[in-house]
Amino acid sequence: ELREWDEALKHYKPAAYYLHEALGRCNEEVARIFARVGYVYHHVGEYALATQFFDEAVDIQEEQMELKGGSARTKYAAALLHAKWGSFSEAEELFQHAVISSSSSSKRNSVKSQAYCSRSNNAMGNIMSKKGDYKEAIKYYEQALAIQQQTNHEQKKNRFDYIGTLSNLGT
């Protein structure tokens, strides 16, 4: 399996730099490729490199000022990595931007957009809980739960994020 990830890096990484050179910095496809390189590095356990590529993708998307679901997804992924490394202030900022991006998106009522908004709120609750700010954590968990309950997704009750948010509220 590691060879498959190495193979992906072999193609994505040069593509990222080539597109960056050919199309310029502010291009949606460049941001998408940088995010994909970040995902690959994440999967192979190279978290510092993953964070670097996700942050670059987020910066490009911010420059574009296009708040799309893809932007929320990239911000969410970058925030998770920052939280994993203990960089809570960066994670908080990115999670907040993910919520804003998914709420502002033209697809804000889509299941994916609502999922990133909900997951970001849930993750913010986890950060607040780790910081010992339990009242603030509960607010984020309740926001996540409210979004999940609004989603008319048929399999909502079986989704792990829904169960996880309920669990977080119970602890």
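The values are calculated or read from the model by the stated rules, or taken from the named source; none is laboratory data. Since the structure is predicted, the reported quantities are computational estimates derived from the model, not experimental observations. Please note: Cβ atoms are built from the backbone with ideal geometry, for glycine as well, and neighbour counts cover all protein chains shown.
If the requirement is being modelled with pLDDT of 80 or more and buried (at least 19 other Cβ atoms within 10 Å of the Cβ), which of these qualifies: 83, 72? Result: 83 is the single residue among 83, 72 that is modelled with pLDDT of 80 or more and buried (at least 19 other Cβ atoms within 10 Å of the Cβ). Listed conditions (1) touching a helix residue (DSSP H, G or I) at 6+ places or on another chain (Cβ under 6 Å); (2) within 22 Å of residue 61 (Cα to Cα); (3) at pLDDT 80 or above are all met by residue 44, apart from (2).
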